[in-house]
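Enquirer: Quick one: structure below, then a few questions.
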């Protein structure tokens, strides 16, 4: 599991690049909510691609391990989001929690769900190929 802990760190780079592209490219063409939604969906796709290639190098041993990986990555992501987001980036708690309002069109929860199930989904697909 240690290698999957360290495999989470490149995801930060993927997320930062995705966020920068949202701010520099997408935000000029769409309103903030639409940019957030498109950015969340692109992050889901990019994360899936990353996990696909990661599992070609380090395949989990069992289906059960894929859920442990997903939970680990979920916890690390939420901790990073709130700790870095508040204490380093200076975002208010209100803004950070605002991304969890799915009924207001905020899709971040879908990404967090994907983090949990993506290792299982990719593992199953690769085992069938």
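No value in this document is a laboratory result; all are computed from the given coordinates. Since the model is a prediction, treat every value here as computed from it, not as a measurement. We place every Cβ from the backbone using ideal geometry, glycine too, and count neighbours over all the protein chains shown.
Enquirer: Which count do you get for residues in the stretch 89-103 that are touching a helix residue (DSSP H, G or I) at 6+ places or on another chain (Cβ under 8 Å), within 14 Å of residue 40 (Cα to Cα) and part of a loop (DSSP other than H, G, I, E, B)?
Expert: Going through the stretch 89-103 one residue at a time, the tally reaches 2.
Enquirer: Continuing with this model, one more query. Could you tell me whether any residue of the stretch 11-30 is in contact (Cβ under 8 Å) with a residue 40 or more places away in the chain and buried (at least 18 other Cβ atoms within 10 Å of the Cβ)?
Expert: yes
Enquirer: Could you please find all residues in the stretch 57-83 being farther than 16 Å from residue 120 by Cβ and either touching a residue at least 40 places away in the same chain (Cβ under 8 Å) or buried (at least 19 other Cβ atoms within 10 Å of the Cβ) (or both)?
Expert: 76, 77, 80
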